[in-house]
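Visitor: Take a look at the following structure, please.
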Amino acid sequence: MNRLITALVFGLLATTQVAGQNPNYALSCDTVVANATGDVLAVDVTLSGIAAVDAWSFAICYDAAVAAPQGLVQGSAVPGLPDFYVAEISSGFVQQFVVMSFFAAVTLPPASNAPVLTMNFEAIGQFGEFTDLTFCNAGTPPTDNVLVVGATQVDPVLSDGMFVIGAVVPMGTFRRGDCDNSGTFNLPDMIYLLGHLFPPTGVPNAIDCFDACDTNDSGSLNLPDVIAGLTALFGQPTVPLPAPYTVCGADPVADTLSCDLFGGCP
């Protein structure tokens, strides 16, 4: 019933819709590491945007054999008590629906990585196991991962997280674009990749994580990766890189590239 009400509410609020992901807005989920089975860790879902957000909804799917949600807490960035607020735990997924104000009297201010929901997960799997925390369209009817800005429905960039049981993040976890393994995706990464592809001294730059340099996720390193990276950084509009992007994660597409060492992830 809550999802049916929410679908109606969002339909009334959003009179227009912009097709495709808008790089000026993002929903992101944390990656956390539990030391042992039984640990309970807080996982934040954050929202970023260049303008005030009136409403949002999302669902996070997880492997119930690895992690079990113990409670949901309204995010610290959400001011006061919204006019409409639903946060639910279901089998295999968590969801949140928020309308700050039906009359636009209160909004979520423009922010970067503002926590909108804190999920407390208990590690119930074995040491070394992990589950992706993935934005999904779970529920009946399916939950949309959307924002309402003004009277416009916006599809944000979605950055998945991970819940890991063990001392280290599983091998191959990285952030796409961080080719020089500095912990930040920026112009020097593309310069470093060019130094690998076209070494001016004849000795290519060493690469620790080839997956991180494969910016277009084609399974090979070449000049189009440089172009994709520059477009993500400076394009008009910018085009987000394939996941995992902005947060640590594993490559969702199987290929022959390796990621032997990536210090930019916890």
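Visitor: Take region 51-108 and flag every residue that is more than 30 Å from residue 39 (Cβ to Cβ) and among the charged types (D, E, K, R).
Guide: Of everything in region 51-108, those that are more than 30 Å from residue 39 (Cβ to Cβ) and among the charged types (D, E, K, R) turn out to be 54, 83.
Visitor: Then there is this: Contact list please: Cβ distance under 6 Å, first residue in region 114-126 and farther than 30 Å from residue 52 by Cα, second residue assigned to a strand (DSSP E or B), pairs at least six apart or on different chains.
Guide: Correct list of pairs: 122/40; 122/68; 122/70; 123/34; 123/165; 124/68; 125/165.
Visitor: With the structure loaded, tell me whether residue 44 is out of contact with any helix residue (DSSP H, G or I) (no Cβ under 9 Å at 6 or more places or on another chain), assigned to a loop (DSSP other than H, G, I, E, B) and charged (D, E, K, R) or whether it fails that test.
Guide: So residue 44 does not fit the description; no.
Visitor: Shifting gears a bit: How about region 133-157: which of its residues are at pLDDT 85 or above and farther than 18 Å from residue 96 by Cα?
Guide: 152
Visitor: Next question, about the same structure. Check 63, 30 and return the single one that is at pLDDT 90 or above, under 16 Å from residue 160 (Cα atoms) and either open to solvent by 10 Å² or more (accessible area, probe 1.4 Å) or over 19 Å from the mean Cα position of the chain (by Cα) (or both).
Guide: So the residue among 63, 30 that is at pLDDT 90 or above, under 16 Å from residue 160 (Cα atoms) and either open to solvent by 10 Å² or more (accessible area, probe 1.4 Å) or over 19 Å from the mean Cα position of the chain (by Cα) (or both) is 63.
Visitor: Would you mind telling me which numbered condition in (1) open to solvent by 30 Å² or more (accessible area, probe 1.4 Å); (2) touching an Asp or Glu at 6+ places or on another chain (Cβ under 8 Å); (3) not small (Gly, Ala, Ser) residue 146 fails?
Guide: (1)
Visitor: Then there is this: Can you tell me how many residues within region 85-115 are over 25 Å from residue 134 (Cβ atoms), open to solvent by less than 40 Å² (accessible area, probe 1.4 Å) and aromatic (Phe, Trp, Tyr)?
Guide: The number of residues fulfilling the criteria is 0.
Visitor: Is there a residue in region 39-57 that is modelled with pLDDT under 90, open to solvent by 40 Å² or more (accessible area, probe 1.4 Å), closer than 22 Å to residue 265 by Cβ and in contact with a strand residue (DSSP E or B) (Cβ under 9 Å, 6 or more places away or on another chain)?
Guide: no
Visitor: Okay, next question. Cβ contacts < 6 Å: first residue at pLDDT 75 or above, restricted to region 245-258; second residue among the basic types (Lys, Arg), any location; separation 6+ or different chain. Result?
Guide: From residues that are at pLDDT 75 or above, the pairs are 245/176; 248/175.
Visitor: Condition first: at positive phi and open to solvent by less than 40 Å² (accessible area, probe 1.4 Å). Can you find one or more residues in region 117-125 that meet it?
Guide: no
The values are calculated or read from the model by the stated rules, or taken from the named source; none is laboratory data. Computed from a predicted structure; not experimentally measured. Glycine also receives a Cβ, built like all others from the backbone with ideal geometry; neighbour counts cover every protein chain displayed. Please note that ligands, DNA and RNA were not included when accessible areas were found on the heavy atoms of the full protein model with its side chains. Shrake-Rupley method; radii C 1.70, N 1.55, O 1.52, S 1.80 Å.
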